[in-house]
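Undergrad: My questions all concern the structure below.
The values are calculated or read from the model by the stated rules, or taken from the named source; none is laboratory data. Fair warning: this is a prediction, and the values are worked out from it, not measured in the lab. All Cβ positions, even for glycine, are placed from backbone atoms using ideal geometry, and neighbour counts span all protein chains on display.
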Amino acid sequence: MARRITIILSVLCVIITLFAWYSDPEQIFSNYGYSTENLMAGNYYVLLSSIFLHSNLDHLLSNLIVLVIFGFALEEEIKGKKFLLVFLGGAFLGDLLTSLIYPYSQICVGASAGVFSIMAAVILIKPIKMEVFVPMPLGIIGIGYLIYGIIGFIANYPPHVAHIAHMGGAFVGLFYGFRYTGSRKALRILIAMFLLFMVTPFIWNFWVLIINSII
């Protein structure tokens, strides 16, 4: 089954998060969420356990939706261990980067960095892929998320979001995408997707005008 790892990761996010919410969330998040304090205490498992914990329903659902859409697309192409490596590599680097700017005991949770890694890789590897329920090339959607992440990182908005972790995940995904696709081709794809993203609103408005005139 080509999409099994994406499905397994999604199910783990749901099961582990719900377990935490309905047992002792404060203790579980404190012990199994990522923080510099936990890592320096030798609790290296928090690099993994923190991925599958989510703070609220919005946090969980937003990660699940993006993981499924982009994960299905990427797993069809690279499959198996390489796919998992992209996801976990982005998640681990994202966690480690939070130690650079957040307080020693600050707890960070969520699959966002791994999701950003998958999404960034898709921009370069399967940019024109379209899922049935997403009527737009994934490369354009991914560029939108990437710009959102960069703006969020610079402006620190919304607050209480580990934007630097998103950037770490995106870096891993882009790095893999450049190696997989080839530097020159990947750069051309990145520029093309950015330009298409910029003109998409104009194309959409033009299309709406045509439909309205026909109706």
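Undergrad: Quick one: would you say I147 is at pLDDT 95 or above, farther than 14 Å from L9 by Cα and in a helix (DSSP H, G or I)?
TA: no
Undergrad: While we're on this one: Where residues in region 136-173 are under 14 Å from the mean Cα position of the chain (by Cα) and among the hydroxyl-bearing types (S, T, Y), which of them is farthest from I189 (Cα to Cα)?
TA: Y148
Undergrad: Now for a separate question. Can you tell which of A155, A162 is at pLDDT below 95 and touching a strand residue (DSSP E or B) at 6+ places or on another chain (Cβ under 6 Å)? Steps first, answer last, please.
TA: Values: A155 fails: touching a strand residue (DSSP E or B) at 6+ places or on another chain (Cβ under 6 Å).
Unique residue meeting the criteria: A162.
Undergrad: Report whether or not I125 is more than 14 Å from the chain's Cα centre (by Cα), more than 25 Å from I16 (Cα to Cα) and at pLDDT 95 or above.
TA: Here the answer is yes, as I125 does meet what is asked.
Undergrad: Name the residue, out of A192, A186, that is surrounded by 16 or more Cβ atoms within 10 Å (Cβ to Cβ), at pLDDT 90 or above and not in a loop (DSSP other than H, G, I, E, B).
TA: Result of the check over A192, A186: A186.
Undergrad: Given the criteria in contact (Cβ under 8 Å) with a residue 24 or more places away in the chain, surrounded by 15 or more Cβ atoms within 10 Å (Cβ to Cβ) and in contact with a strand residue (DSSP E or B) (Cβ under 7 Å, 6 or more places away or on another chain), does L64 qualify?
TA: Criteria not met by L64.
Undergrad: Considering only residues that are surrounded by 12 or more Cβ atoms within 10 Å (Cβ to Cβ) and of a type in the set (F, W, Y), which ones fall in region 12-51?
TA: F19, W21, F29, Y32, Y34, Y45
Undergrad: Oh, and also: All but one of (1) crowded, with 20+ Cβ neighbours inside 10 Å; (2) without any contact (Cβ under 8 Å) to a residue 60 or more places away in the chain; (3) over 26 Å from L100 (Cα atoms) hold for A120; which doesn't?
TA: Failing condition for A120: (3).
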